[in-house]
1. Please verify whether the stretch 56-66 includes one or more residues that are in contact with a Cys (Cβ under 7 Å, 6 or more places away or on another chain) and small (Gly, Ala, Ser).
2. Can you tell me which residues in the stretch 76-96 are outside any loop (DSSP other than H, G, I, E, B) and more than 14 Å from PHE34 (Cβ to Cβ)?
3. All but one of (1) surrounded by 14 or more Cβ atoms within 10 Å (Cβ to Cβ); (2) within 29 Å of ALA27 (Cβ to Cβ) hold for ALA97; state the number of the condition that does not hold.
4. Residue by residue through the stretch 72-110, note down the ones that are hydroxyl-bearing (Ser, Thr, Tyr) and without any contact (Cβ under 8 Å) to a residue 12 or more places away in the chain.
5. Return only the number of the condition from (1) under 22 Å from LEU85 (Cα atoms); (2) out of contact with any Lys or Arg (no Cβ under 7 Å at 6 or more places or on another chain); (3) of a type outside the set (Ser, Thr, Tyr) that ILE22 does not satisfy.
6. Give the residues of the stretch 2-47 that are assigned to a loop (DSSP other than H, G, I, E, B), surrounded by 14 or more Cβ atoms within 10 Å (Cβ to Cβ), of a type in the set (A, V, I, L, M, F, W, C) and touching a strand residue (DSSP E or B) at 6+ places or on another chain (Cβ under 7 Å), sorted by residue number.
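Read-outs throughout are calculated quantities, based only on the coordinates presented, and are distinct from any laboratory measurement. Remember, it's a predicted structure, so these values are computed and weren't measured experimentally. Cβ placement follows ideal geometry from the backbone for every residue including glycine, while neighbour counts extend to all protein chains displayed.
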Amino acid sequence: AIGLLEVLSGLNAGVDLGGSAIGAPTAFTAGCAFDPGAEDLPREIARLRRKVEAGARFMMTQPIYGIETLERALDRLGGAPIPLLLGVMPLYSHRHAVYLDREVPGISVP
């Protein structure tokens with residue numbers, strides 16, 4: 001993810017992966033993932049900072065079902081360094097909620 005962000009930033013600056021001019025620069029708006037419920041939150045925050053340095057202009061979370069998880073992560077982060085989009089996934093049944101909570105990494109359903 002970080003490498004791709006670096007490539008896109010270079011293209012936006014008008015250079016390819018090898019540093020050669022490409023003519024007109026591109027205008028990609030690249031984003032990145034952020035998991036506020038990560039088991040290793042310090043590592044997730046460090047990776048987010050590297051993604052921002054590499055050119056991420058926005059971040060999107062995994063689906064969130066409890067605001068406390070997001071608030072805790074943002075407190076540790078010192079606030080959102082770039083615009084934040086919250087992941088949303090409607091739950092259509094109790095079984096679906098249990099499945100997401102137990103089987104999908106990064107999603108916690110209270």
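1. Filtering the stretch 56-66 down to residues in contact with a Cys (Cβ under 7 Å, 6 or more places away or on another chain) leaves 56, 59.
Adding the requirement that they be small (Gly, Ala, Ser) leaves 56.
Yes, that holds for at least one residue.
2. Of the residues in the stretch 76-96, the ones outside any loop (DSSP other than H, G, I, E, B) are 76-77, 84-87, 94-96.
Selection gives HIS94, ARG95, HIS96.
3. So the condition that ALA97 fails would be (2).
4. Filtering the stretch 72-110 down to residues hydroxyl-bearing (Ser, Thr, Tyr) leaves 92-93, 99, 108.
Of everything in the stretch 72-110, those that are hydroxyl-bearing (Ser, Thr, Tyr) and without any contact (Cβ under 8 Å) to a residue 12 or more places away in the chain turn out to be TYR92, SER93, TYR99.
5. (1)
6. Passing the criteria: none in range.
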